[in-house]
Structures are given as structure tokens and as C-alpha cells.
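A.B. asks: Starting off with a structure, shown below.
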Amino acid sequence: MSEYSRRALLSGAAAGLMAPFVVRPVAAQMVPQSFAGSGDIRSGVDATVTRVPTAQPYVAMTFDDGPHPRLTPQLLDMLAARGIRATFYVIGRNAQRYPQILQRMVAEGHEIGNHTWSHPNLHGHSDGAVLSQVDRTNRAVYEAVGRPPVTMRPPYGNLYDRQRLMLHQSRAMPTVLWSIDTLDWQRPGSSVVSRRVINGSHSGGVILAHDIHSATVRAMPAALDGVVGRGFRFVTVSELIGWPRWDRRRLRLVAAPG
């Protein structure tokens, strides 16, 4: 099935086994206000991040679907050379397979987010199936680096509004989408990807790309330098929201209820 067809799906079968661990925050680390700054979190929209209102020229560069055994280390080299921190929304089974890459991400100051265990389209999935995908990935990341993710991005951006609220209430994890889409899954070429990153960047923006496409990785030197040249500064998703660094928050894994 092509990537385009996969993105066009409107439903998918529930899958995955429930994992025995979930993420729960220490109460002092809870953020009582909506991520949009409009009040308490009472709906899935309130629990969703697409961009963050800020007067500062901050942008968050995010990469989905990895880690890739060859491309992700190349990308990490590019980021390290520029002193840039990004956020990687990893697939759980990839994280389990390549824990050493996650360890390098953490050592170099990057953030790791949850992109589900097996990258299903979550439309039509039960709450239990959604939590299974999230919990298994949280556990895989925790086992690799000793810290669980604090945000989740659903594959294709598809998650019911009600389930976004459910995820925040049960796992204290906001759903992170994006405001700048490189559409790199369409394979437009490196120059197009870099232009979309540079031209689309705006204060408080969240940029979506994928570290599983070689053209995207090749686009990054020009893209990153171009965004910096426009006066923007790269931060992680947690930093953009205004949270402490994700790997310094007082989070723990506890047994999920039976």
C-alpha cells in the first residue's frame, strides 16, 4: 500500500496488547492551563498542540517514524554540528530495536515523543487499543533511556477529539500535531522540503518531517541553516510549550490497572 493510500484511510482495525506500564506524572508537574493558553483542559482540542502562541522566535523541529538505523544517525550528526535540539516521535517497535540511537538522542539533548507502537491509523480504534499503542511505546522508550515520553503524536494526525482528551486525562500526555507540514512523504525532493521548512517557519511553529526518508535528511542542512538565517531558534516541543526539559521531569512508570 502506498504512503498516500495509507494516509487516506478513514478507519483501521484495533490491534496490540495492553502493556503493563503507563506514564503518570507527579502532581507538582501537572500543567493546569490549556496549551493554547485559553483556560483549563476540558476537551481534546484543549489537549492538542499544533502551534504555541509565543512572542519569541521559537520553532520546534520534529521527526516522525524513526529511528532509522542509517538515516537517523546522519541527521543527529547534522543537528549536533549546529547545536540544534529536535523532537523525535519514535515508533515503539523501532525504539525497541535500536535503543542505542535513542540513547544518543538523549545524550545530545533531544526530546523523544510517542508515535505509537506500530503506526496504525487510529480512527475506529477503541480506547483500549489506543492506550495499548501508547503504553507499549512508553515502556520501550523507558527501557531504552530511563525516561518515558511526555507527548504523543498519532500517526497521520488521526485521533478522535474525545480520545485526545482521554489520553490527556489518563496518561497526562497532550496530542502534538503540527503547523508546518513538509509533505516529505510525497517524496518531492530535498530542495522542496528545505524550502517548505524555511518559508513555512513562524514563531511558535511545529515543523513535521520524517527521518526515514533520505531526501528529507539531505534537505536538513539547508533547511536548518535557512530557518536560523531568518532569525528563528530551534527548541524541543516541551520547551516550546513552556515545560521543563522532558528528561528532567519527575515522571515514573507505574503498573496499569488490570
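A.B. asks: Do you know which residues across segment 104-126 are surrounded by 24 or more Cβ atoms within 10 Å (Cβ to Cβ) and acidic (Asp, Glu)?
C.D. replies: Glu111, the sole residue that qualifies.
A.B. asks: Quick one: Gly113 ticks every box in (1) under 18 Å from Thr50 (Cα atoms); (2) touching a Leu at 6+ places or on another chain (Cβ under 7 Å); (3) small (Gly, Ala, Ser) bar one, so which box is it?
C.D. replies: That leaves (2) as the condition not met.
A.B. asks: Arg42 versus (1) over 17 Å from Met173 (Cα atoms); (2) among the basic types (Lys, Arg); (3) out of contact with any Phe, Trp or Tyr (no Cβ under 8 Å at 6 or more places or on another chain): which is the lone unmet condition?
C.D. replies: In the conditions (1) over 17 Å from Met173 (Cα atoms); (2) among the basic types (Lys, Arg); (3) out of contact with any Phe, Trp or Tyr (no Cβ under 8 Å at 6 or more places or on another chain), Arg42 misses (1) alone.
A.B. asks: Scan segment 46-66 and give yes if some residue there is assigned to a loop (DSSP other than H, G, I, E, B), modelled with pLDDT of 95 or more and either among the hydrophobic types (A, V, I, L, M, F, W, C) or touching an Asp or Glu at 6+ places or on another chain (Cβ under 9 Å) (or both), otherwise no.
C.D. replies: Yes - at least one qualifying residue is present in segment 46-66.
A.B. asks: How many residues does segment 52-84 hold that are over 23 Å from Arg136 (Cβ atoms) and within 13 Å of the chain's Cα centre (by Cα)?
C.D. replies: 2
A.B. asks: Give me the pairs, please: first residue somewhere in segment 145-165 and on the phi > 0 side of the Ramachandran plot, second residue anywhere and charged (D, E, K, R) and buried (at least 18 other Cβ atoms within 10 Å of the Cβ), beta-carbon distance under 9 Å, and either six or more positions apart or on two chains.
C.D. replies: What qualifies is Gly146/Asp247.
A.B. asks: On the given criteria, is Leu177 at pLDDT 95 or above and at positive phi?
C.D. replies: Criteria not met by Leu177.
A.B. asks: Restricting the search to segment 192-233, which residues are closer than 18 Å to Asp64 by Cβ and part of a strand (DSSP E or B)?
C.D. replies: Residues satisfying the conditions are Gly205, Val206, Ile207, Leu208, Ala209, His210.
A.B. asks: Among the residues of segment 163-198, how many are of a type in the set (S, T, N, Q) and over 24 Å from Thr72 (Cα atoms)?
C.D. replies: Residues that pass the stated criteria total 3.
A.B. asks: Condition (residue is under 17 Å from the mean Cα position of the chain (by Cα), modelled with pLDDT of 95 or more and closer than 18 Å to Asp65 by Cα) applied to segment 164-171: is it met by at least one residue?
C.D. replies: Within segment 164-171, not a single residue is under 17 Å from the mean Cα position of the chain (by Cα), modelled with pLDDT of 95 or more and closer than 18 Å to Asp65 by Cα.
A.B. asks: From the list Ala129, Ala209, exactly one residue is surrounded by fewer than 23 Cβ atoms within 10 Å (Cβ to Cβ), touching a residue at least 24 places away in the same chain (Cβ under 8 Å), of a type in the set (A, V, I, L, M) and closer than 17 Å to Ile91 by Cβ. Which is it?
C.D. replies: That would be Ala129, the only listed residue that is surrounded by fewer than 23 Cβ atoms within 10 Å (Cβ to Cβ), touching a residue at least 24 places away in the same chain (Cβ under 8 Å), of a type in the set (A, V, I, L, M) and closer than 17 Å to Ile91 by Cβ.
Let's see how each residue does on (1) buried (at least 18 other Cβ atoms within 10 Å of the Cβ); (2) at pLDDT 95 or above; (3) among the basic types (Lys, Arg):
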residue: Pro149; (1), (2), (3): yes, yes, no
residue: Met173; (1), (2), (3): yes, no, no
residue: Leu183; (1), (2), (3): no, yes, no
residue: Gly200; (1), (2), (3): no, yes, no
residue: His213; (1), (2), (3): yes, yes, no
residue: Gly231; (1), (2), (3): no, yes, no
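A.B. asks: Against the condition at pLDDT 95 or above, part of a helix (DSSP H, G or I) and within 20 Å of Ala222 (Cβ to Cβ), how does Ala140 come out, does it pass?
C.D. replies: Considered against the rule, which asks whether it is at pLDDT 95 or above, part of a helix (DSSP H, G or I) and within 20 Å of Ala222 (Cβ to Cβ), Ala140 comes out as no.
A.B. asks: Same structure again: Does any residue of segment 152-162 turn out to be buried (at least 23 other Cβ atoms within 10 Å of the Cβ), out of contact with any Pro (no Cβ under 9 Å at 6 or more places or on another chain), hydrophobic (A, V, I, L, M, F, W, C) and modelled with pLDDT of 95 or more?
C.D. replies: Yes; the residues of segment 152-162 include at least one that is buried (at least 23 other Cβ atoms within 10 Å of the Cβ), out of contact with any Pro (no Cβ under 9 Å at 6 or more places or on another chain), hydrophobic (A, V, I, L, M, F, W, C) and modelled with pLDDT of 95 or more.
The values are calculated or read from the model by the stated rules, or taken from the named source; none is laboratory data. These numbers were taken from a predicted model, which means no experiment stands behind them. Cβ sites come from the backbone with ideal geometry, for glycine too, and all protein chains shown count toward neighbours.
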